[in-house]
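What follows is a set of notes on a single structure, which appears directly below.
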Amino acid sequence: MYSNSAQGSLLAFPNPVSQENYFITVKIANANNLKVEGYVCDAFGTKIQRIDSQSQGDLLQLAISAFKEGVYLVWLSDGARVYTTKFIVLYSY
C-alpha cells in the first residue's frame, strides 16, 4: 500500500524492517531515475539522515543499520512534488 502525500506516493519495504537488513527500499510512484532530496526523521521529528540521491528507476535504498528501534518518517521532494511515508525498525531477538 502506498502512503499518499499531497502530491506524490511512496512505499517503504520491508516494513517493519530489522536492523540486520541494513537497508530499506523506498518505491516512488510514477518515477524514473528521479533526483530527490529530503530527510529521514524519528518519531519526534528529529532529522536522523539527510537524503540527496537519484532513484534507480523508481527505487531508492536507504541505509538503516545505525537506526535505533522505532518509527521513522521519510520526507522526499523532487522540487515539484513532496513524498512521505513511514517505516518501523525492530530489533531481531
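Could you list all residues from segment 57-70 that are under 19 Å from Leu10 (Cα atoms) and open to solvent by 80 Å² or more (accessible area, probe 1.4 Å)?
Across segment 57-70, the qualifying residue is only Gln61.
Just need a number here: residues in segment 14-30 that are of a type in the set (Gly, Ala, Ser) and part of a loop (DSSP other than H, G, I, E, B).
Number satisfying all stated conditions: 1.
Sort out which residues of segment 77-89 are of a type in the set (A, V, I, L, M, F, W, C) and either under 14 Å from Leu11 (Cβ atoms) or part of a strand (DSSP E or B) (or both), and write them in order of number. Reasoning before the result, please.
We begin by selecting, within segment 77-89, every residue of a type in the set (A, V, I, L, M, F, W, C); these are 80, 82, 87-89.
Within segment 77-89, Val82, Phe87, Ile88, Val89 meet the criteria.
Which one of these does Lys86 not meet: (1) over 18 Å from Asn21 (Cα atoms); (2) open to solvent by 50 Å² or more (accessible area, probe 1.4 Å)?
Unmet condition: (1).
If a residue has to be surrounded by fewer than 12 Cβ atoms within 10 Å (Cβ to Cβ), under 14 Å from Tyr72 (Cβ atoms) and not charged (D, E, K, R) to count, how many in segment 24-56 make the cut?
Qualifying residue count, segment 24-56: 4.
Each row is one residue, and each column tells you yes or no for (1) hydrophobic (A, V, I, L, M, F, W, C); (2) part of a strand (DSSP E or B); (3) at pLDDT below 95.
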{"site": "Leu10", "(1), (2), (3)": "yes, yes, yes"}
{"site": "Asn33", "(1), (2), (3)": "no, no, yes"}
{"site": "Arg50", "(1), (2), (3)": "no, yes, no"}
{"site": "Ser65", "(1), (2), (3)": "no, no, yes"}
{"site": "Lys68", "(1), (2), (3)": "no, no, yes"}
{"site": "Trp75", "(1), (2), (3)": "yes, yes, no"}
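Looking at (1) among the aliphatic types (A, V, I, L, M); (2) surrounded by 17 or more Cβ atoms within 10 Å (Cβ to Cβ); (3) at pLDDT below 95, can you tell me which one Ala80 breaks?
It is condition (2) that Ala80 fails.
Between a first residue in segment 20-40 that is among the β-branched types (Val, Ile, Thr) and a second residue that is open to solvent by 20 Å² or more (accessible area, probe 1.4 Å) and modelled with pLDDT under 90, which pairs have beta carbons less than 9 Å apart while being 6 or more apart in sequence or on different chains?
Ile28/Ser9
The values are calculated or read from the model by the stated rules, or taken from the named source; none is laboratory data. Computed from a prediction, not measured in an experiment: that's the story for all the values here. Ideal geometry is used to build each Cβ from the backbone, glycine not excepted, and the neighbour counts take in all protein chains shown. Areas reflect the complete protein model, heavy atoms only, side chains present, ligands, DNA and RNA absent. Shrake-Rupley method; radii C 1.70, N 1.55, O 1.52, S 1.80 Å.
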